[in-house]
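Asks: Let me begin by handing over the structure; questions about it come next.
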């Protein structure tokens, strides 16, 4: 039996899939697992700054309760006893939700977000709240109100945002999975830049009740985890109809991992000939093409697709999210005008130049754009593309470059509401992660995760060889 | 058009208490936003 640090090191290397089996077999206890993660947070997060608040006492209390349940044979499911973190945009009863801002530092929540209730019912241990871009309005992960969250692979580089802390915490093995929100790519962008999996499910499958909004039309809730399979485990817990969210849809008794492990032979995967590959870093292009070849070698049918209209997606996303974001923040921008991050304030206020006609045109264009995408999905099952066109930029560099280029691809699938996954496809020569995006038809989230899990295995040996560095 | 734009900035300057550097940052963000608006205004969803 391994003792002390060796044992902790072993514990933090397991995925949710590994651990749920070991917890069920009672070979690992939720208390030792939670302690291992809390110790690691204390050890390494001083440099990474991925957590805004760590729930040490309540996490350990829950771990002790769950250990008793498990020892008595009452197993709730694969998340029972698993430490999970939350972007600090989700309400947890009697805890503060800052939404990454200065002005909400005393904002105690009166009740749990629906997804928090669902995680707790599944036996997950909420280990703390992670950092984010102020009010989730930005792509780089920069936030001047808190110690800067850094990319775990190179501390001078941005982690991506807005769910920056969730991406860094999962990649650095400070938790097994985390929740984020995604309006233009805020789950998938940090997942890509941190080298993990991030999943934006079909619109409506996960409740947004108790989640601070940015854009009611485009906001999604989704998991970040080490593998697509682990994302599926979290999705099985947090999805389901919720009457308190008017956009919620029902998909009861659905197993998001039901296809994982099955052959991908015959699955038609479309490679867009426009937009996604037009202005791409060459190392990213190489890794994406390697992954496409790998899928073809495994029996997938690779098909070139033409979708020149896809270039409108980013603009539709930008106008809708900016308009709705301003409408949520306009009164606060006057009342608390000196407390906003100047960059975020400026981005919100720029939306003052959008007219009501422009907003309505953007909403109509969203319907048109979604119909176009649905037509593409009549020819193919999935679309594959890079997640982000550039590698992680410098924290000290010009933030406008990151904010302009990073969300170019991801926001397309917030407009359409289709399920979309970012999975690690390898690393650059400078050891920066490269993400690949797989997107599918509405309610075929399981197919996206199935193919994502196949990709996730390609570079796993290389990934493991780098793990000791973070 | 330029006058309208100046009035727009004057309004934001007074109403939201912006500093001059914030006005410059805002101008950059408005340029980005207007490039997206131009794309959408030129999109004919009945023909495309």
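Asks: So, how do all the Cα-to-Cα distances of region A:245-340 break down into 10 Å bins, in percent, from 0 on up?
Replies: 11, 22, 25, 25, 13, 4
Asks: Let me ask something else about it. Please express the shape of region A:313-376 as an equivalent ellipsoid: the semi-axes are the square roots of 5 times the eigenvalues of the C-alpha gyration tensor, given largest first in whole angstrom.
Replies: Output for region A:313-376: semi-axes of 29, 11, 8 Å.
Asks: If we restrict to alpha carbons, what Rg and Dmax does region A:1-71 come to, in Å?
Replies: Gyration radius and largest Cα-Cα distance of region A:1-71: 12.7, 37 Å.
Asks: Could I ask something else about it? How many angstrom separate the Cα center of region A:16-94 from the Cα center of region A:333-372?
Replies: Each part's Cα centre sits 38 Å from the other's.
Asks: Taking a ≥ b ≥ c as the square roots of the Cα gyration tensor eigenvalues, with a/c under 1.5 meaning rounded and otherwise prolate when a/b beats b/c, else oblate, which class fits chain A?
Replies: Cα axes put chain A in the rounded bin.
Asks: Separate question: When you count, for each residue, the other Cβ atoms within 10 Å and take the mean per peptide, how do A:60-72, A:284-296 rank with the highest first?
Replies: A:284-296, A:60-72
Asks: Sticking with this structure for a sec: Restricting to bridges with both residues inside the protein assembly as shown, how much of the DSSP beta-bridge set is antiparallel, in percent to the nearest 5?
Replies: Working: 31 of 47 bridges.
So the antiparallel bridges in the protein assembly as shown amount to around 65 percent.
Asks: For A:242, A:252, A:94, which order do you get if you count the other beta carbons within 10 Å of each Cβ and list the fewest first?
Replies: Taking fewest neighbouring Cβ atoms as first place, the list is A:252, A:94, A:242.
Asks: Under 18 Å from a label point 7 Å along Cα→Cβ of residue A:241: give me every residue in region A:80-121 with its amide N that close.
Replies: The answer is A:114-115, A:118, whose backbone nitrogens lie closer than 18 Å to the label point.
Asks: Follow-up. For A:115, A:99, A:170, which order do you get if you count the other beta carbons within 10 Å of each Cβ and list the fewest first?
Replies: So the ranking, lowest neighbour count to highest, is A:99, A:115, A:170.
Asks: Take the Cα atoms of region A:193-259, build their convex hull, and give its volume per residue in Å³. Before the final figure, lay out each step's value.
Replies: Working: hull volume 6.5 nm³, N = 67.
Expressed per residue, the convex hull around the Cα atoms of region A:193-259 is 96 Å³.
Asks: A follow-up question, please. In what sequence do A:243, A:197, A:164 fall when counting other Cβ within 10 Å, fewest first?
Replies: Ascending Cβ contact count within 10 Å gives the list A:243, A:197, A:164.
Asks: Still on this structure: Average partner chain C-beta neighbours within 10 Å, per residue of B:25-38?
Replies: 6
Asks: Using a/c under 1.5 as the rounded threshold, could you call region A:349-420 rounded, prolate or oblate? The axes a ≥ b ≥ c are square roots of the C-alpha gyration tensor eigenvalues, and prolate needs a/b larger than b/c, oblate otherwise.
Replies: Oblate shape, in that a/c is at least 1.5 and b/c is the bigger or equal ratio.
Every read-out reported here was derived from the displayed coordinates using simple, explicitly stated rules and does not represent laboratory data. All values derive from a computational prediction rather than experimental measurement. Every residue, glycine as well, gets a Cβ built from its backbone with ideal geometry; the counts of neighbours run over all protein chains shown.
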